[in-house]
Amino acid sequence: MQQPQRRARSFADFLPRSPEDIPQVYAWFERMRTSQPVFYTEQMPIWQVFRYEDVQTVLTDYNRFSSEETFGESSLLSNTLITTDPPDHRKLRNLVNQVFTPRAVARFSDRITVVTQDLLDEVKATGTMDVVSDMAFPLPAKIIAELLGVPAEDWDIFKRWARFGGAGPQQAPENGGPVRTMRDEMIDYFSDLLATRRKQPQDDLITSLSKAEIDGERLSEHELVSFCFLLLAAGQETTKNLIANAILCLTDHPDSLARLQQEPALMPGAIEEVLRYLPPVWFLFRRTKQEVELAGQHIPADQMVLAWTASANRDPAQFPEPDRFSIEREPNRHLAFGHGIHFCVGAPLARLEAKVVLPMMLAQLKDLKRVANVPINIHTGIVFVIESLPVTFSPA
Ligand code: HEM
C-alpha cells in the first residue's frame, strides 16, 4: 500500500485498498491526531481534520462550515438536502421528516425479514456465499426500491443504478438515438413514476413526497427527482457496507460472533460498534464560509475541509481503547451517521436492516468463516466499499 504522505494527490492515496492496509491507515490517523490534527494538503488543496472534537465542530457548525458546493455543481446531489445549509436545508428536512417517519420505516421490518429469508434460502444448502453479492447488495437495494415505490417489474433497471450509485457508464444508444447517461435515464424514469403516482396515488414514498407541503409549497419536479437519487446514492452503498463490514468484523473476532449467537440481545450494541470500528463512510466534506480557527490553525474562507469521521471514531479522547472491537462498548457516540443538522435521515432504516439481517445470518449459517487465502477487494472513496466477501458455513 502507498503510505499516506505529504505528496498525496488524491484522497485515494490515503485510503486502504485491502484489509491488510486498514491498520496502517488507522496508525496514520493516530499520528495525525497527535501531531497535526488539522493538516493542510497543498497538492489537492484541502484541510484534513482528524480529532473527534474538531470533526464534530466541522459537522455541527454550519455557520462556518458549509455543505454547499461540496459535490461539484454538475452533480445530481447539488442543491439537495445533503448539499444545502439553513434555511433551505431546514425546509427540505422538515418535508422529508414528514414522510420518512419512524412508523414508515418500522413497517418495513417484515419485508426485510422476508427478503433476507429468500436470499438465505438461495445459498443455505451450498455452504458458501459471497456476503456482498448474495446479501449485502440486493437487500438494501430491494428495500429502497420498495420504499420509493419502484414497481417489481423494474427491479432489474433499479439494480443496475444501485450497482453504480446512479453514476454508471453511458448506455449504448438504441436505434441510433443520442448517448444517454445513467443520470438521464434516472431523471426520466423518476419523472414518469411521479406523474403516474400523481394520477394513481399509492402507499409509497414517491406518492407521499409528491403531496408533502411546507407553507403551502410543494417540492419542484427537479427537487423530487434529485431526492430519489439522493436516497439511492446515500442509502445503498452505505447499508451494503454496514452488512459486509459487520461480517468482516465478526469473522475477524470469532469470540464476539459466538457471543452474539448465544446472546442475540447484544446485537444492537454490536452494530453500533461495527459503525464505529469500521464505518461505511470514512469522511465528509465541508467548505469554510469565513476564515476560521480550528485547533490553533487558521483556515481561510472558501477552503475545502475533509473531516475524517473514521479517525474521530478511533480518538482515544472519546473512546477508551479505541482499537479494541468491543460489542458491549458503552457509551458509543460514534460519528458514522454524521452529527448535527445533516445527521443521516436513513439511520433508522439502516439500523433496522442490520438488526434483522445479522441475527438471521448468524442463526442460520452455522460455523461461519471467511474463505482463507481469498483476497477481499476493497476500494474506498467517501464510502468504504468491500466488493466481495466470500464465506463458508455448514450447509443446512
Ligand atoms: C449504514 C448506512 C448509512 C450510513 C453509514 C450513512 C451515513 C450518512 C452520513 C455520515 C450522513 C451525513 C452527511 C453529511 O453530514 O454531510 C448521511 C446523511 C444522509 N443519509 Fe445516510 N447513511 C446510511 C444509510 C442511509 C439510508 C438507508 C438512507 C435512505 C434511504 C440515507 C439517506 C441519507 C440522507 C437523505 C442524508 C442527508 C441528510 C441531510 O443532509 O439532512 N442514509 N448519511
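Of the conditions (1) among the hydroxyl-bearing types (S, T, Y); (2) open to solvent by 80 Å² or more (accessible area, probe 1.4 Å); (3) at pLDDT below 95, S75 fails just one. Which one is it?
Exception for S75: condition (2).
Does V179 qualify as being at pLDDT below 90 and of a type in the set (V, I, T)?
Taking the combined requirement at face value, the residue satisfies it.
Would you point out which residue out of T80, T84 is within 11 Å of the ligand (Cβ to nearest atom), in contact with a helix residue (DSSP H, G or I) (Cβ under 6 Å, 6 or more places away or on another chain) and open to solvent by less than 70 Å² (accessible area, probe 1.4 Å)? Write out each step before concluding.
Details: T84 fails: in contact with a helix residue (DSSP H, G or I) (Cβ under 6 Å, 6 or more places away or on another chain).
None of the others qualify; the one that does is T80.
Give all pairs with beta carbons closer than 9 Å in which a residue from region 278-304 that is free of Cβ contacts under 8 Å to residues at least 40 places away in the same chain meets a residue that is open to solvent by less than 40 Å² (accessible area, probe 1.4 Å) and among the polar types (S, T, N, Q); count only pairs at least 6 apart in sequence or on separate chains.
Cβ pairs passing all conditions: P300/T288; A301/T288; D302/T288.
Any residue in region 88-101 that is within 13 Å of the ligand (Cβ to nearest atom), without any contact (Cβ under 8 Å) to a residue 40 or more places away in the chain and over 21 Å from R351 (Cα atoms)?
yes
Going through region 20-65 one residue at a time, which ones are of a type in the set (S, T, Y), open to solvent by 70 Å² or more (accessible area, probe 1.4 Å) and part of a helix (DSSP H, G or I)? Write out each step before concluding.
Of all residues in region 20-65, those of a type in the set (S, T, Y) come to 26, 34-35, 40-41, 52, 57, 60, 62.
When the remaining residues are screened for being open to solvent by 70 Å² or more (accessible area, probe 1.4 Å), the result is 34-35, 40.
Once the filter is applied, which keeps residues that are of a type in the set (S, T, Y), open to solvent by 70 Å² or more (accessible area, probe 1.4 Å) and part of a helix (DSSP H, G or I), region 20-65 yields T34, S35.
Taking K142, is it farther than 24 Å from Q364 by Cβ, part of a helix (DSSP H, G or I) and modelled with pLDDT of 85 or more?
On the way: farther than 24 Å from Q364 by Cβ: no; part of a helix (DSSP H, G or I): yes; modelled with pLDDT of 85 or more: yes.
No; evaluated as a whole, the condition is false for this residue.
I'd like to check something: does region 356-366 contain any residue that is out of contact with any Phe, Trp or Tyr (no Cβ under 7 Å at 6 or more places or on another chain), open to solvent by less than 50 Å² (accessible area, probe 1.4 Å) and farther than 30 Å from S109 by Cβ? Reasoning before the result, please.
So in region 356-366, the residues out of contact with any Phe, Trp or Tyr (no Cβ under 7 Å at 6 or more places or on another chain) come out as 356-364.
From what's left, open to solvent by less than 50 Å² (accessible area, probe 1.4 Å): 356-362, 364.
When the remaining residues are screened for being farther than 30 Å from S109 by Cβ, the result is none.
So far as region 356-366 goes, no, none of its residues is out of contact with any Phe, Trp or Tyr (no Cβ under 7 Å at 6 or more places or on another chain), open to solvent by less than 50 Å² (accessible area, probe 1.4 Å) and farther than 30 Å from S109 by Cβ.
Among the helices (runs of 4 or more DSSP H) lying completely within region 184-300, list those that include at least 1 residues that are open to solvent by 50 Å² or more (accessible area, probe 1.4 Å) and more than 16 Å from the ligand (Cβ to nearest atom). Can you show your working first?
Values: elements: 205-211, 221-252, 254-262, 267-277.
Correct list: 205-211, 221-252, 254-262.
The values are calculated or read from the model by the stated rules, or taken from the named source; none is laboratory data. On a predicted model such as this, the values are computed, not experimentally measured, just so you know. All Cβ positions, even for glycine, are placed from backbone atoms using ideal geometry, and neighbour counts span all protein chains on display. Please note that ligands, DNA and RNA were not included when accessible areas were found on the heavy atoms of the full protein model with its side chains. Shrake-Rupley method; radii C 1.70, N 1.55, O 1.52, S 1.80 Å.
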